[in-house]
Amino acid sequence: MDRMSDAQINEFDIVIAGAGMVGASLACLLAESSLRIALIDRNPLVQNKDNESAEIHSDKFDPRVSAISQASQQLFQQLGVWEDMKAARVCNYGAMEVWDAEGTGSIEFSAAEINQPELGNIVENSIIIAALHKRIAQLENIFPITPFSIESFEHIERQDGSIVKLNAGDGQAIRAPLVIAADGANSKLRQLANFECREWDYEQHALVTTVRTQLPHNNTALQRFMETGPLAFLPLRAASEDDAQQFCSIVWSMLPDQAERAMSLSEDEFNAELAAALESKLGAIEWSDKRFVFPLRQRHALNYVKESIVLVGDAAHTIHPLAGQGVNLGLLDAKALAEELQRGIEAGRSVADPTVLLRYQRRRKGNNLSMMWLMEGFKRLFAQQNLSIRWLRNIGMNAADKMTPIKNQMIRKAMGLDS
């Protein structure tokens, strides 16, 4: 996918490390500038000039999905990739039901109540990445260099300023004044640059899979809070032209020993326990795909900027998946950073100017922290089994459900409309 000569290949204005959803989106956002941008990743980019790379089957889904907020959808529309995603497979949801397993508390959210067409869209990660990589293949100033696995980096002082040199294990090296780490929760760049982080283990694992239910989901997301963690059913659509409503992606947060046990169950045993955990809201679970499990950990970098290296997305912050906000926060990071870089360029500043980069940090750090603490608060609140706390929790949920202005403000915030 390289569009450069050997003489040009090693020096750029910006290097983006990580070609996932956030890194690829950021590359597309910066494509309108005059900057020469390298996009590196350990894996080759998806070859999809005709959007044929993401293989779509009516009964086979990527187990990794994202609940795309309206703000994220607007960003994808701006980048010209949303129509490709819709042509592949997207499932919108217009309602969400949340309830407490330990009582009668519940709250329902509706797009109609805030005069919106939907609350969000569930999209498989592979479809998002395929559409973004297709767009990148069309951009003249984005230069994918893959595979490229970062082993070390160094700062080099030159007469025209400081640059960062990234070294790969196979002897490749590239240089740029600014390096953006979009390489995920286990960011190699964040570790190499010794960014200080606050992090803790949720002491939960998330089990994810795809299921087919007896009853239709009616484009409604369901979430039940249990003592051991939340269970979410996210609606899926079997094909872009198909209105079948009996596939869901599930994210089931549970204690590690419970996750180990759930992974050992037969499909029939697992399906029965899963239906019971959802109180049979969608009837029986008729089929479930392969199960995957991963540990949940919260992490937040104390600073997003350090000596010409900038963190975005999961490299800067990871949160509990109970509200599906992780990728949406990362996309808001990408949008803010692209805007500040463009603003700095127009003012005649270099891309690595600390003033420019710290503006990005100020815009995003508080917003990300507030969402992280909100999710942490929800997790702790619903883990409490003290009878009086459970009683207050249920009273509060039912009261909030009746307080339409407050409830609608909550959902607008989650949709990114008031961020």
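Nothing in this text is a laboratory measurement; each read-out follows from the coordinates by a stated rule. The structure presented is a predicted model; accordingly, all values stated were derived computationally and were not measured. As a convention, Cβ positions derive from the backbone with ideal geometry for all residues, glycine included, and neighbour counts pool all protein chains shown.
If you take the Cα centroid of region 273-291 and the Cα centroid of region 127-164, the two points sit 43 Å apart.
Taking a sphere under 9 Å around the Cβ of N92 and counting the other residues whose Cβ falls inside, with K and R at +1 and D and E at -1, yields a net charge of 0. Relative to its Kirkwood radius, the Cα radius of gyration of region 302-363 gives an Rg/Rh of 1.03. Could you please report the charge total around G20, scoring K, R as +1 and D, E as -1 over all other residues with beta-carbon less than 12 angstrom from its beta-carbon? Here the count lands on -1.
Note on A284 and E83: the extension gain reaches 69.0 nm, defined as 0.36 nm multiplied by sequence separation minus the Cα-Cα distance. Each principal axis of the Cα cloud of region 202-264 was evaluated for its coordinate range; sorted largest first, these ranges are 40, 23, 19 Å. Cα-based values for region 119-229, radius of gyration first and Dmax second, are 20.9, 68 Å.
Packing around the peptides 299-312, 77-90, 150-163, 17-30, taken as the average count of other Cβ atoms within 10 Å per residue, puts them in this order, highest first: 17-30, 299-312, 77-90, 150-163.
Simple spin-label estimate for L265 and I156 gives 5.6 nm between the two label positions (7 Å along the Cα-to-Cβ direction from each Cα). Structure note, pairs K306/K335; K188/K290; K60/K188; K188/K365; K165/K188: Cα-Cα distances above 24 angstrom occur for K188/K290; K60/K188.
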